1. Answer yes if at least one residue in segment 316-327 is within 21 Å of the chain's Cα centre (by Cα) and either surrounded by fewer than 17 Cβ atoms within 10 Å (Cβ to Cβ) or modelled with pLDDT of 95 or more (or both), and no otherwise.
2. Considering only residues that are at pLDDT 95 or above, more than 22 Å from residue 306 (Cα to Cα), part of a loop (DSSP other than H, G, I, E, B) and over 18 Å from the mean Cα position of the chain (by Cα), which ones fall in segment 226-259?
3. Within segment 287-303, which residues are crowded, with 19+ Cβ neighbours inside 10 Å and in contact with a strand residue (DSSP E or B) (Cβ under 7 Å, 6 or more places away or on another chain)?
4. Of all residues in segment 145-183, which are surrounded by fewer than 19 Cβ atoms within 10 Å (Cβ to Cβ), within 16 Å of residue 217 (Cα to Cα) and either touching a strand residue (DSSP E or B) at 6+ places or on another chain (Cβ under 8 Å) or touching a residue at least 60 places away in the same chain (Cβ under 8 Å) (or both)?
5. What are the residue pairs meeting all of these: first residue in segment 326-339, first residue within 20 Å of residue 90 (Cβ to Cβ), second residue assigned to a loop (DSSP other than H, G, I, E, B) and modelled with pLDDT under 80, Cβ atoms under 9 Å, and 6 or more apart or on different chains?
6. Looking at segment 103-111, can you tell me whether even one residue there is under 19 Å from residue 198 (Cβ atoms) and at pLDDT 95 or above?
């Protein structure tokens, strides 16, 4: 049996259309990602997750989501709790790591109930003055050691609940001068400064199972290509200086930071050293182009995915959800009108 294709795809709506089901069956992507457009209520999301996995015939196919808290939350009230942003967590000071773990553990509880196994959290980027606001309050702060400490606690909370964290956006998006959804940011900071600032939280958490690339040009490493498409950045900065050896997934290929066709972007990202490429908008014509350019997972990528899945299955922590929600309320007050389970 050949490995799945090195791609993760979104879908258009709240249930699979026949064309999507047939495409996924033929393309056999590694996994899927959900967005707010895909999530109406818990029963519907569970059905969609089951449909997605059935389409590729793999019950362990990763299903991802961006559930950070704050403004980046695909699951929202009234069916799901709204969680505090990273900046609100960090504002607690000495209690921030404990709060980050509780938030992540509750998020993991929400996701596990839906069959979602991978969360694109934590954001380890370090915003600087003058940077674009796309990161902003999604960051735990501007000090590398603090961000690493709080980010590690968030990872622990997810892992304890059987959900794999995704470090983002490696090797660091905090200095981006434009939103990479719209254009390609350029960072001209010297390499020695990057190593002790932007790279440092990722280096501290380099044993985590997944990370997502930044669509950013780092002049000091590769002035020609953004990290996602740069063999030099991936080999020297991400795999080398940072020492990350988990699953490396590209940020969304449809973002405007990357040039060329979708097929060219997918091929270049995989050639540069990404293990998997990500395409999010659910447009079938674009997914076909990405699939045509994406080969099956290589042996090293297969091992990395398997290592993460094994780690996810180690969890055995049970929680008193009401007690954790009480701690959340003590720290942050009422957050929303979501359900209490």
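The values are calculated or read from the model by the stated rules, or taken from the named source; none is laboratory data. Please read all numbers here as calculations on a predicted model, not as lab measurements. Cβ: placed from backbone, ideal geometry, glycine included. Neighbour counts: every protein chain shown.
1. Filtering segment 316-327 down to residues within 21 Å of the chain's Cα centre (by Cα) leaves none.
No: zero hits.
2. Result: 230, single match.
3. Hits for segment 287-303 are 287, 290, 291, 294, 297, 301.
4. 177, 181, 182, 183, listed by residue number.
5. Close Cβ pairs (under 9 Å, with a partner that is assigned to a loop (DSSP other than H, G, I, E, B) and modelled with pLDDT under 80) amount to 328/335; 329/335.
6. No: segment 103-111 contains no residue that is under 19 Å from residue 198 (Cβ atoms) and at pLDDT 95 or above.
Quick grid of which residues meet (1) free of Cβ contacts under 8 Å to residues at least 60 places away in the same chain; (2) out of contact with any helix residue (DSSP H, G or I) (no Cβ under 6 Å at 6 or more places or on another chain):
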{"position": "43", "(1), (2)": "yes, yes"}
{"position": "46", "(1), (2)": "no, yes"}
{"position": "75", "(1), (2)": "yes, yes"}
{"position": "102", "(1), (2)": "no, no"}
{"position": "107", "(1), (2)": "yes, yes"}
{"position": "112", "(1), (2)": "yes, yes"}
{"position": "128", "(1), (2)": "yes, yes"}
{"position": "136", "(1), (2)": "yes, yes"}
